[in-house]
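A short worksheet on the structure shown next.
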Amino acid sequence: MTTYASPIGSSLKRVDGPGKISGLEKYAADYYPDNCLWAGAKRSDHPHALIKKIDISPVRNLPGIFAVLTHEDIKGANRVGVPEMDQPVLADCKVRYKGDPVVLVLAENKTLLQEAIDKIIIKYEPLPAVFDPEAALAENAPLLHENRNNKNLLLGGKVIRGNSIAAMSECDAVVEADFQLPWQEHAYLETEAGVARVDEEGILEIIASTQTPWRDRNELAYALGWPVDKIRVIAPYLGGGFGGKDGITVQGLLGLAALHSGGRPVKMWNSREESFLSSTKRHPGQVHYELGCKNDGTLHALNCRIVLDTGAYASLGGPVLALAMEHAAGVYRIPHALIEGFSVYTNNPVGGAFRGFGAPQVLAGLEQVMDILADKIAWDPLAFRLKNAVMRGDETGAGVWMSNSTAIIPCLEKVQEHPLWTSRQTWVSQAPPYKLRGVGIAAGLQGTGYGPMVADIANAKIELLPDGRFRIYSGVADMGQGNNPTNVQIAAEVLGQTTDCFELIQPDTLQTLPSGSSAASRTTYSYGNALKAAALQLKERILTRACNMGMGLYAEDLLLSSGRLYHLPSRREITLGLVAASMRPEERISIYSYTAPVNRYPDKINPDIRAAGFPHRVFAFACHLARVQIDELTGEVEVCDYLAVTDAGKVLNPQLYEQQVQGGAVQGMGYALWEDFKLDRGELLTRNLATYILPTSMDVPDILSIAVETVEESGPFGMKGIGEIVINLALPAIANGIARAVGQHIFKSPLTAEQLLLILEMRPAK
Amino acid sequence: MKIAFKLNGIRQEVDCLPDRRVVDLLREELGYTGTKEACGSGECGACTILVDGVSKLSCLMLAAQLQGRSITTSEGMSLGKKLHPIQQAFVDKGAVQCGFCSPGMLMATVDFLQRNPAPDRQQIRAALSGNLCRCTGYQKIIDAVERAAAEMRDEL
């Protein structure tokens, strides 16, 4: 008899590993259909200008050029985006940032394509441009989008609790600071890519590197004027996403190209430079904090003003702002708070979804202010956080109710008792010559799912195949986090199978069911809940049918195992293939639709902010610790040790959990220290990986991960999403460590060696 | 021009422009898409292949440079269905997430372990510092290389 193994909680190997490491797994970038054309865009080199004339005559008749398309060739609304559809597939009357696509060229190969793009002449009439979000809010600022009541304000709102202005004057200590947070480039290894074609039946089929196949399909239908039921979007494994493929990247251009390629397939694959130019980035932020407490260490009042630069188009700039506001009071009880938020259009590149989704920007500010305030009242920074941390049933300063599992206090306690914390003074005092050392901590949270107004739905589908194996139809794209391999683990647990009894279909609007985006720390939480229920339903059907087949009277006497079913009292067995043969095809397919719970409580939140996703119900929590060492001669910062303590519920797979913790912390270190995205009047200065510096294996330490395993009763097997909480705290933990080493906080990130050196040189001589 | 070389042990003869990039030749002409491209300028290591056993960046090589050489890509590392010990260690140790850097990491590791069969973690970090990964934070890749080195030493 095959051993029954319980896969949940074990480090089951990812089923996608062998294909990927052998180079056999096909990503969207790896498709080269026979007879395919290459498509590429001529992009704007003005940040804001009217298009006066597009001269395609130099290229129209060049050999190897198949088609040259402008907005006039688009039959639909020529607008994509969600929730605001404001971004043209090809610019029509004007361009709004340096990088806006204006002309689309289809050519026989990449070389001819680039030559043609370079030869196209576009005449512009430059318009006044605005690059600073505060300036864009001014009365006479140039308008990005005409006919908007709120002009350049994409979304604005307030959260008001108590009376923070009056309460601030009651505080014994108050700290005020202004933070500047930079853009961050996703820099996934696979740049935006895909292939598309229109088949004989008029189906526009797009294989793309996308986190949102279902949403793309709807947007493409609207933008291109092609019937939605004649569009199929397939999302193979992505070569990274992190939010940068949460929505249309090349899909609009690809779809348009395929509609004008005479039935030939079309391929697009952005160069790294074009990816930097055209992709969304983490929103840069200007965040003002004023935080006050009493002498007994109790937080009393918070004023916070958040301004996010969403660039030329909305993308997810509204929801990102809503989450920034929701996370702005962090994990603390604060009775009086005023949190104001503004997401503003400018002529800069587009801000969009990026792992953390607004939380990293605000937690960077809050957690530094927490440290400064603790020092001011002479409290230990960890004790100060513990004193004010929320428990289940509390409200955060932002008025967000902690209705579900809440283990920030255990996270803080784990750090408090850890040797990296308890031995910090000794470690700091042992700094080698010309080195300064400091230890910093930061705490925070991250909501799971879409918030109260957009239903977070996943539709799972699983099939018992005629040969007794199972097929899972994954509804949510896998950008590398391993949610789809985890689907196998979940189904294996429910159905008592080993993982080799499963095959996995990646998201495909023809075969799988709509299940939302690969985003918001929701992929395993939402789809996993749906799949668990679908698999249970299928299990019951299998057992019932086996009873019908004479395998005993009672389903509870039956045991499902790999490819087989046993009658325990008699030890008789039959194959699942035999059971499958006695089921109708539709009976062998089990579908379950899951909707994630939300907090609907009435509150004082501006309805627009609510609509954008405020508040969440389920949160993950974490406390991070960084030990940093600064070179006094170069200003270079080394992260020597790093501890991440996380409450993301029960751990389904320790190895995949650690993958998220380690990868997220390192991406956060990049944000904190090296990823210095530079723009000058809308012109990109860091255009590629030579000038935009990602962390390498030499730059980062091993990450120590501790899981505080609460049971989140709404999650499958007690889990919560881990994907985003892991990135939120590297910047403030490192910044706090640096401040303790050099005696001064730096409010502008990244915390570059140049900045450090300047501070070190300004110090009075020893 | 006609260029003859060995690819994963099989003799190939292609007729192409001498300045065609090797990464394009492999992916577009020969269908070996395991070799990835992620920057096109030698910054990221995703396109790493072995040329006569030495790791090279195929986005910076031209087709003519392949004449008479022996090339290995990630597809050539597994014998039949069995993974190479380094590939197996990457899978077992969770070193693969999105996987787009993985073939390049693999090829860089093969070269490195030939030169240093018993490296410590810091040496592994230095050896792979030309290969960017945006998912893993590198830790499990280092774990995998350590494991692979140990297993391959045991086999000797």
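The values are calculated or read from the model by the stated rules, or taken from the named source; none is laboratory data. Since the structure is predicted, the reported quantities are computational estimates derived from the model, not experimental observations. For neighbour counting, all protein chains shown are included, and Cβ atoms are generated from backbone atoms with ideal geometry for every residue, glycine included.
See the values below:
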| read-out | value |
| --- | --- |
| Out of B:125, B:153, sole residue that is part of a helix (DSSP H, G or I), at the interface with chain A (Cβ under 7 Å from one of its Cβ atoms) and among the charged types (D, E, K, R) | B:125 |
| Hey, residue B:71 away from chain A (no Cβ under 12 Å), of a type outside the set (Gly, Ala, Ser), under 14 Å from the mean Cα position of the chain (by Cα) and surrounded by 21 or more Cβ atoms within 10 Å (Cβ to Cβ) or not | yes |
| Residue count for the stretch B:46-77, restricted to those that are in a loop (DSSP other than H, G, I, E, B), touching a residue at least 60 places away in the same chain (Cβ under 8 Å) and in contact with a helix residue (DSSP H, G or I) (Cβ under 6 Å, 6 or more places away or on another chain) | 1 |
| Selection from the stretch A:92-135 of residues that are within 27 Å of the chain's Cα centre (by Cα) and either within 18 Å of residue A:71 (Cβ to Cβ) or not in a loop (DSSP other than H, G, I, E, B) (or both) | A:96, A:97, A:99, A:100, A:101, A:133, A:134 |
| Some residue of the stretch A:676-697 being of a type in the set (A, V, I, L, M) and either under 18 Å from residue A:737 (Cβ atoms) or modelled with pLDDT under 95 (or both) | no |
| Per-region count, the stretch A:562-616, residues out of contact with any Cys (no Cβ under 7 Å at 6 or more places or on another chain) and on the phi > 0 side of the Ramachandran plot | 2 |
| Lone qualifier among A:100, A:92, A:73 - being closer than 20 Å to residue A:127 by Cα and out of contact with any strand residue (DSSP E or B) (no Cβ under 7 Å at 6 or more places or on another chain) | A:92 |
| Single condition residue B:35 does not satisfy, out of (1) of a type in the set (Ser, Thr, Tyr); (2) facing another protein chain (nearest Cβ under 9 Å); (3) out of contact with any Pro (no Cβ under 8 Å at 6 or more places or on another chain); (4) within 16 Å of residue B:77 (Cα to Cα) | (3) |
| The listed residue being assigned to a loop (DSSP other than H, G, I, E, B) and of a type outside the set (A, V, I, L, M, F, W, C), out of A:670, A:635, A:663 | A:635 |
| Tally of residues being small (Gly, Ala, Ser), in contact (Cβ under 8 Å) with a residue 24 or more places away in the chain and within 25 Å of residue A:35 (Cβ to Cβ) across the stretch B:14-45 | 1 |
| Breaking point among (1) on the phi < 0 side of the Ramachandran plot; (2) surrounded by 24 or more Cβ atoms within 10 Å (Cβ to Cβ), for residue A:286 | (2) |
| In the stretch A:205-216, residue nearest to the other protein chains (Cβ to nearest Cβ) [restricted to those that are outside any loop (DSSP other than H, G, I, E, B) and buried (at least 23 other Cβ atoms within 10 Å of the Cβ)] | A:207 |
| Only one of B:100, B:90 that is touching a residue at least 60 places away in the same chain (Cβ under 8 Å), closer than 28 Å to residue A:187 by Cα and at the interface with chain A (Cβ under 9 Å from one of its Cβ atoms) | B:100 |
| Filtered residues of the stretch A:29-67 (kept if farther than 15 Å from residue A:91 by Cβ, of a type in the set (A, V, I, L, M) and over 34 Å from the mean Cα position of the chain (by Cα)) | A:59, A:62, A:65, A:67 |
| Options A:127, A:154, A:112, A:143; residue that is touching a helix residue (DSSP H, G or I) at 6+ places or on another chain (Cβ under 7 Å) and either over 20 Å from residue A:683 (Cβ atoms) or surrounded by 14 or more Cβ atoms within 10 Å (Cβ to Cβ) (or both) | A:154 |
| Every residue from the stretch A:680-705 that is crowded, with 19+ Cβ neighbours inside 10 Å, more than 10 Å from every other protein chain (Cβ to nearest Cβ) and assigned to a strand (DSSP E or B) | A:684 |
| Whichever residue in the stretch A:392-432 is assigned to a loop (DSSP other than H, G, I, E, B) and charged (D, E, K, R) and, among such residues, is farthest from the chain's Cα centre (by Cα) | A:417 |
| Condition met for residue A:515 (modelled with pLDDT of 95 or more, crowded, with 24+ Cβ neighbours inside 10 Å and on the phi > 0 side of the Ramachandran plot) | no |
| Residue check for residue A:475: closer than 24 Å to residue A:656 by Cα and not assigned by TED's automatic domain parsing to the domain that holds residue A:516 | no |
| Residue selected from the stretch A:164-197 under the condition hydroxyl-bearing (Ser, Thr, Tyr) and more than 12 Å from chain B (Cβ to nearest Cβ), by the criterion nearest to residue A:355 (Cα to Cα) | A:164 |
| Enumeration of residues in the stretch A:158-173 that are part of a helix (DSSP H, G or I) and either under 30 Å from residue A:608 (Cβ atoms) or touching a residue at least 40 places away in the same chain (Cβ under 8 Å) (or both) | A:164, A:165, A:166, A:167, A:168 |
